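Have a look at the structure below before the remarks.
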Amino acid sequence: MTWRLILFAATMPVDPAVLERLPAVRIVYYDVHGTRYREIDDDQRRRGPVDPADGQRYDAFTRLRIRWRWPIGRDGRCDVRHPQVTYRITVTLPRLHDRDAVSPLLRRRWDRRVMHLRVHEAGHVRLDLAYVRRVTQALRHSTCTPADPVAAALGEQLNAATRAYDRITDHGRRQERWHGTDI
């Protein structure tokens, strides 16, 4: 992915309805079972993805994997002007295992719940894209060897921004509190 596309993607709002169409974003689902609200809620809490940062289960989760390297020129040295940054963002969301077994009212309630999760996770994707953009820019103004500490420092900023985002929005339960500041 080129840095221009990264810059464009990171500066535009992420529409939760198009998460699947964003480059390098993959949606994975885990099944939630039950026919009544309490059963579904309990099963979702048991099956939700675990955040490796705190070991807690959540209803949804977004993970960024990023790598970078520099091409090697004919002289055997790295070309810092053209860093190659690759990344993959994986969003894990719940899926109701047997939608036909629940009432239409509960199905609508479930769909609203998942849409709220998608909105929240789209915010995480936006933070991740901003991080990718910043790493790419930092690498373009770096030398080959000391770039890892720069990227690590930016990673700490991303982690702090992600924690703040989840704290401010109460992990999406109060999404209206977020006003879109980036890292």
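The values are calculated or read from the model by the stated rules, or taken from the named source; none is laboratory data. Here the structure is a predicted model, which means the values were calculated and not measured. FYI the Cβ positions are ideal-geometry reconstructions off the backbone, even for glycines, and counts take in every protein chain you see. Side chains included, ligands, DNA and RNA excluded: accessible areas come from the protein's heavy atoms. Shrake-Rupley method; radii C 1.70, N 1.55, O 1.52, S 1.80 Å.
Quick notes on this structure:
- Qualifying residue in the stretch 84-101 (condition: over 14 Å from the mean Cα position of the chain (by Cα), surrounded by fewer than 19 Cβ atoms within 10 Å (Cβ to Cβ) and in a loop (DSSP other than H, G, I, E, B)): yes
- Subset of the stretch 19-71 (residues that are of a type in the set (F, W, Y) and open to solvent by 30 Å² or more (accessible area, probe 1.4 Å)): Y29, Y37, Y58, F61, W68
- Selection within the stretch 72-83: residues that are out of contact with any helix residue (DSSP H, G or I) (no Cβ under 7 Å at 6 or more places or on another chain) and loosely packed, with under 14 Cβ neighbours inside 10 Å. The member of this set that is nearest to A138 (Cα to Cα) is H82.
Here's the yes/no breakdown for (1) in a helix (DSSP H, G or I); (2) over 12 Å from the mean Cα position of the chain (by Cα); (3) of a type in the set (K, R):
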site: R118; (1), (2), (3): yes, no, yes
site: A122; (1), (2), (3): yes, no, no
site: D128; (1), (2), (3): yes, no, no
site: Y131; (1), (2), (3): yes, no, no
site: L139; (1), (2), (3): yes, yes, no
site: E156; (1), (2), (3): yes, yes, no
site: A160; (1), (2), (3): yes, yes, no
site: A164; (1), (2), (3): yes, yes, no
site: I168; (1), (2), (3): yes, yes, no
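- Scan of the stretch 83-123 for residues that are farther than 18 Å from Q44 by Cβ and touching a residue at least 24 places away in the same chain (Cβ under 8 Å), ordered by number: P83, V85, T86, Y87, R88, I89, T90, A122, G123
- Within the stretch 30-76, the set of residues being without any contact (Cβ under 8 Å) to a residue 12 or more places away in the chain and charged (D, E, K, R) comprises R38, E39, D41, D42, D43, R46, D51, D54, R74, D75.
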